[in-house]
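The values are calculated or read from the model by the stated rules, or taken from the named source; none is laboratory data. Bear in mind that the values here come from a model prediction, so they are computed numbers and not experimental data. When we count neighbours, we look across all protein chains shown, and the Cβ atoms used for this are built from the backbone with ideal geometry, even at glycine. These area figures cover heavy atoms from the full protein model, side chains too; ligands, DNA and RNA do not enter into them. Shrake-Rupley method; radii C 1.70, N 1.55, O 1.52, S 1.80 Å.
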Amino acid sequence: MPSLHHTPPSLLSALRSLSLQSPSITSSKILPTARAFSTTPSLSARKDDKKNKTDPRITLIRYHMQHPETPRPLRLSRMRALRHWTIHRAWMILRRAKREREEGELMRMYQSIHSACEELRTMDPPGSKNAGRLYRLAMEKKGIFGKGGVPIEYARFQTDTPGKEAWNHGWTR
């Protein structure tokens, strides 16, 4: 257990400056100022600079929200809001059912392809010369991207952010 007798002198002087003194002594004597914890200069200039800078995205949002041509937000009565919510919920349920139906169809197709590939792989006996030959041929992708073509995944580097221009409207074939 550390002892209080081995405290560094700088810490003791900082603690002494924080000790309570009697009012008669403080009126006749100026209290010593405590040193700052850090020796680096204060960052107040940077803080003031940040307050003055506004994010351009926030400026754009404010501009479009307060633009005179922006339509006012809908004010719906209780019944109209309930009808709106009911229709919106029904639409979302319909979209979910359609999405699940499409995902089920894709899953069925994937399972069918998987079982066909597995059948091709296990068609020949394991010790033979041509074991898995049909499977390897089926997995080759020669000529499916056109003459000398590459898969679309390699058309642009895969990144977490979209490209500089989302859509090239001037592109023609």
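List of remarks:
- Inspection of the range 91-99 identifies no residue that is open to solvent by 90 Å² or more (accessible area, probe 1.4 Å), in a helix (DSSP H, G or I) and closer than 30 Å to Arg136 by Cα.
- Listed by first and then second residue, the pairs with beta-carbon distance under 8 Å, at least 6 apart or on different chains, first residue in the range 139-168 and farther than 30 Å from His114 by Cα, second assigned to a loop (DSSP other than H, G, I, E, B) and not aliphatic (A, V, I, L, M), are Gly163/Arg156.
- Test: residue in the range 135-157 that is in contact with a Lys or Arg (Cβ under 8 Å, 6 or more places away or on another chain) and assigned to a helix (DSSP H, G or I): yes
- The one condition in (1) within 30 Å of Leu137 (Cα to Cα); (2) modelled with pLDDT under 95 that His67 fails to fulfil: (1)
- Positions within the range 75-90 being surrounded by 10 or more Cβ atoms within 10 Å (Cβ to Cβ) and in a helix (DSSP H, G or I), in sequence order: Arg80, Ala81, Leu82, Arg83, His84, Trp85, Thr86, Ile87, His88, Arg89, Ala90
- From the options Leu76, Leu82, residue that is out of contact with any helix residue (DSSP H, G or I) (no Cβ under 8 Å at 6 or more places or on another chain) and among the aliphatic types (A, V, I, L, M): Leu82
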